[in-house]
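Since the structure comes first, as structure tokens, the remarks are kept for the end.
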Amino acid sequence: MSKEREFLWRRLHSLLGVLPVGLFLVFHLSMNFTAVGGEQTYNDSIGMMELIPHPLLLVMEWVIIYIPLMFHAFYGVYIAFTATTNTGRFSTYRNWMFTLQRFTGVFLVVFIAWHIFQTRIQKALGASVEYNMIKDIVDNPLMLAFYIVGILSATFHLSNGLWAFLVSWGITQSPQSQKIATYVTNIIFVILSIAGVVAILSFV
Amino acid sequence: MQLAANTGRMVKVEIIRQDTQGGTSYTQKFEVPYRHGMNVISILMEIQKNPVTADGQKTTPVSWDMNCLEEVCGACSMVINGRPRQSCSTLVDQLTEPIRLEPMKTFPVIRDLQVDRERMFNALKKVKAWVPIDGTYDLGEGPRMPEGKRQWAYELSKCMTCGVCMEACPNVSEKASFIGPAPLSQVRLFNTHPTGAMIKDQRLNAIMGDGGLANCGNSQNCVAACPKGIPLTTSIASLNRAATVQMFRNFFGSDHFVD
């Protein structure tokens, strides 16, 4: 890291977590949710991605997903490991959110790496991404549990991260505005979590 | 007088001690005669008078810092039963026994309960936490501050650099470079002062350097721990907004330095 650049890296980390990574998560969970309509509906909706010319799709994947996600993940791990969590001494709600944000973040690096290996890398190696691919994965109860924890970690990390984003950019300043933001982001967490878990359960 | 006040009750105390800077720490137990209205400092003074541990071993007196004894200087902060606070205003009657005293380890420990808070004073210098009034001639009176704003600023000015917010903050430690909540709130105080605001861009740029404002992780422990009830997290969020504007000004080379 070059000198006196930390402010920019931290702000970039905060921004990329919401745009595009957070927005992509909402899009991803929405696509997953089509599985509720059954195998055909799911395969049709993810088949739409194949309409995008392959070179353009690759560029989009790298620019919208991989590069911002990798920066957010690796810089986030550095942030998480420079913290000294102290919920034992200060068991306030916000301090628990602080700690959970770091735990879910580190867990998500592992989960997403595994998830990409099981899906995107298998696709690059010739497998076809469709309903049955996910069904085969979550047929294993341990994998299903791993995926549910992963989904909940992601929805928590996004909604709580959105709260922190609003503070970090100076949008919510007063305790009252931050409290309202807590309610709103908690509602976002519940909605995204229900959508995500219902979607994965419809593969079982 | 002291005998008359003696109730026969003994107060159990555990103290984390350390003989030298960077040395290993160890726990010692003491029992001190109880008196009405005792604070933590009076326990330490009793140990100083009779430095003998609970199991009868003679030891060195416990070392600690203190000055004003009325919770305005910030020197006597330590971790009491897990919470950082001032030992002068912490009363024995409000504590569960054994009372456990530890130094604020987020700072370098000099000896026993004494810590070196120099990083906080260096941070105040870094952010220019003062109103610049020196000139080669009489600069005259500064602009007046609206009364409502003065009353609000008075709350921020209560900061006594005691270090409690630094000890409570999960992002302030030896392994992290974060400047901490107290000096950040001082930036907001002096950027609000009509004369202090004349160099507000310099203060903002100082906290936009490495280990600055953006290293806050929003655990909000600082505002919960501050003995003076200073709205530290509101200050940080307000500075975040000011820094967002300053960031764009810097990037595009704006000449609106302080307006």
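General observations
- Matching option when the condition is among the β-branched types (Val, Ile, Thr) and crowded, with 17+ Cβ neighbours inside 10 Å, among A:190, A:184, A:138: A:138
- Only helices (runs of 4 or more DSSP H) whose full extent lies in the range A:71-190 are considered here, and the ones with at least 3 residues that are within 11 Å of another protein chain (Cβ to nearest Cβ) are A:93-116, A:141-168.
- If the condition is being surrounded by fewer than 24 Cβ atoms within 10 Å (Cβ to Cβ) and in a helix (DSSP H, G or I), then the range B:222-234 contributes B:223, B:224, B:225, B:234.
- Any hit, the range B:127-145, residues being in contact (Cβ under 8 Å) with a residue 40 or more places away in the chain, in the same structural domain as residue B:234 (by TED's automatic domain parsing), over 21 Å from residue A:80 (Cα atoms) and not in a loop (DSSP other than H, G, I, E, B): no
- Single residue of A:155, A:92 found to be among the β-branched types (Val, Ile, Thr) and closer than 24 Å to residue B:179 by Cα: A:92
- Search result, residues across the range B:197-213 that are surrounded by fewer than 23 Cβ atoms within 10 Å (Cβ to Cβ) and not β-branched (Val, Ile, Thr): B:197, B:198, B:200, B:201, B:202, B:205, B:206, B:208, B:209, B:210, B:211
- The sole residue among B:159, B:165 that is more than 14 Å from chain A (Cβ to nearest Cβ) and either in contact (Cβ under 8 Å) with a residue 40 or more places away in the chain or within 13 Å of residue B:222 (Cα to Cα) (or both) is B:159.
- Evaluation of residue A:46 against (1) within 30 Å of residue A:131 (Cβ to Cβ); (2) modelled with pLDDT of 95 or more (one fails), failing number: (2)
- Criterion (basic (Lys, Arg) and either in a strand (DSSP E or B) or over 18 Å from the mean Cα position of the chain (by Cα) (or both)) met by exactly one of B:119, B:100: B:100
- Residue within the range A:26-41 that is under 30 Å from residue B:233 (Cα atoms), of a type outside the set (Lys, Arg) and assigned to a helix (DSSP H, G or I) present: yes
- Residues satisfying the stated conditions in the range B:222-253, i.e. touching a residue at least 60 places away in the same chain (Cβ under 8 Å) and at the interface with chain A (Cβ under 8 Å from one of its Cβ atoms): B:225, B:231
- Some residue of the range A:48-62 being within 11 Å of chain B (Cβ to nearest Cβ), surrounded by fewer than 17 Cβ atoms within 10 Å (Cβ to Cβ) and not in a helix (DSSP H, G or I): no
- Criterion applied to B:73, B:165 was being modelled with pLDDT of 95 or more and outside any helix (DSSP H, G or I), and the one residue passing it is B:73.
- Here residue B:201 does not fit the description of being in a loop (DSSP other than H, G, I, E, B), among the charged types (D, E, K, R) and either at the interface with another protein chain (Cβ under 9 Å from one of its Cβ atoms) or farther than 21 Å from residue A:79 by Cβ (or both).
Yes or no, residue by residue, for (1) in contact with an Asp or Glu (Cβ under 7 Å, 6 or more places away or on another chain); (2) surrounded by fewer than 18 Cβ atoms within 10 Å (Cβ to Cβ):
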| site | (1), (2) |
| --- | --- |
| B:29 | yes, yes |
| B:35 | no, yes |
| B:39 | no, no |
| B:43 | no, no |
| B:49 | no, yes |
| B:57 | no, yes |
| B:70 | no, yes |
| B:83 | no, yes |
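- Boolean, residue B:219 is within 9 Å of another protein chain (Cβ to nearest Cβ), hydroxyl-bearing (Ser, Thr, Tyr), surrounded by fewer than 24 Cβ atoms within 10 Å (Cβ to Cβ) and within 23 Å of residue A:77 (Cβ to Cβ): no
The values are calculated or read from the model by the stated rules, or taken from the named source; none is laboratory data. Keep in mind the model is a prediction, meaning the values are calculated, not measured. Quick reminder, even Gly has a Cβ in these numbers, built from the backbone with ideal geometry, and neighbours come from all protein chains shown.
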